[in-house]
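I have placed the structure first, in the form of structure tokens, so that the comments after it can refer back to it.
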Amino acid sequence: MARRVKHLALAAALAALLGILPAARADLGPLEPIADLHRAVHESLGLPEPLIVRLLEQGAPPDQLPVIGFLARELAQPPQVIFDLHHSGLSFLDITLRFGRGPEIFYVPFAADPGPPYGNAWGYYKKTPRARWNTIRLTDVDVVNFVNVRVCHDHYGVGYDRIVAQRRKGKGFADIHRELAVETGKHGHGKGAKASAAGGPKDPGKSGSKGKSGGKDQGKNKDKGKGGGSGKG
């Protein structure tokens, strides 16, 4: 019972962070960086927000959500199918092979040897002729590392080396997402916090001026005999 309550509390908090629930924005401590990772998965890979919460309730680790979304897209399968197969004991690579794809979909074009935790797995690609990449065996850890670095690169528009440097420092992907989200303006609370600190939006009169211009436009429409409204109808 206590475990169920804990899961429901986590789901509600994450839902609020992602905008599912009309909860007030607040500093939710350790859930903040997790929310940035989930937001990236939703926006970059198209996982519906309620599904993200459901997968968490079912036990999906946060850093595997990008892999579930990535494989769902690449293999043209529902995310729940990917999760269920992995939960049943299949590795992410085995799931990939089952649907006719191979290790090539996980390749990341690093400019140079990225070192740990990518070096060994990346070395497989560099030492193996491309025609034989289907023989490469990647662990789930390898897949999680490759897919997460790709999602960070694609979502925030930063170089692979930047993300690898953060990993070398021992940072987890949730923390990396938080830092990159704040830096690139994609953090769920960053813009609002800055606006509040500055005393509100840069031009607080814009909303009012829009209302005035809207009234003028409607007046013009009436004068022309075209009717009011937005003018789109």
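The values are calculated or read from the model by the stated rules, or taken from the named source; none is laboratory data. This one's a predicted model, so the numbers in the text were calculated from it and none came from an experiment. Every residue, glycine as well, gets a Cβ built from its backbone with ideal geometry; the counts of neighbours run over all protein chains shown.
Listed here are the residues, each with its yes/no results for (1) among the acidic types (Asp, Glu); (2) part of a helix (DSSP H, G or I); (3) at pLDDT below 95; (4) at negative phi.
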residue: Ala15; (1), (2), (3), (4): no, yes, yes, yes
residue: Ala23; (1), (2), (3), (4): no, no, yes, yes
residue: Ala26; (1), (2), (3), (4): no, no, yes, yes
residue: His38; (1), (2), (3), (4): no, yes, yes, yes
residue: Glu43; (1), (2), (3), (4): yes, yes, yes, yes
residue: Gln64; (1), (2), (3), (4): no, yes, no, yes
residue: Glu74; (1), (2), (3), (4): yes, yes, no, yes
residue: His86; (1), (2), (3), (4): no, yes, no, yes
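Among the residues making up segment 114-139, those that are loosely packed, with under 11 Cβ neighbours inside 10 Å and assigned to a helix (DSSP H, G or I) are Lys126, Lys127, Arg130, Ala131, Arg132. For segment 141-191, taking the residues that are in contact (Cβ under 8 Å) with a residue 12 or more places away in the chain and basic (Lys, Arg), the one that is surrounded by the fewest Cβ atoms within 10 Å (Cβ to Cβ) is identified as Arg168. Looking at segment 70-82, which of its residues are crowded, with 23+ Cβ neighbours inside 10 Å and either over 17 Å from Arg39 (Cα atoms) or in contact with a Pro (Cβ under 6 Å, 6 or more places away or on another chain) (or both)? The answer is Leu71, Ile82.
Right, Arg54: surrounded by 14 or more Cβ atoms within 10 Å (Cβ to Cβ), basic (Lys, Arg) and part of a helix (DSSP H, G or I) or not? Explain how you work it out, then say what you get.
Numbers: surrounded by 14 or more Cβ atoms within 10 Å (Cβ to Cβ): yes; basic (Lys, Arg): yes; part of a helix (DSSP H, G or I): yes.
So Arg54 fits the description; yes.
What about Glu104, is it in a helix (DSSP H, G or I), among the acidic types (Asp, Glu) and over 21 Å from the mean Cα position of the chain (by Cα)? Answer is yes for this residue.
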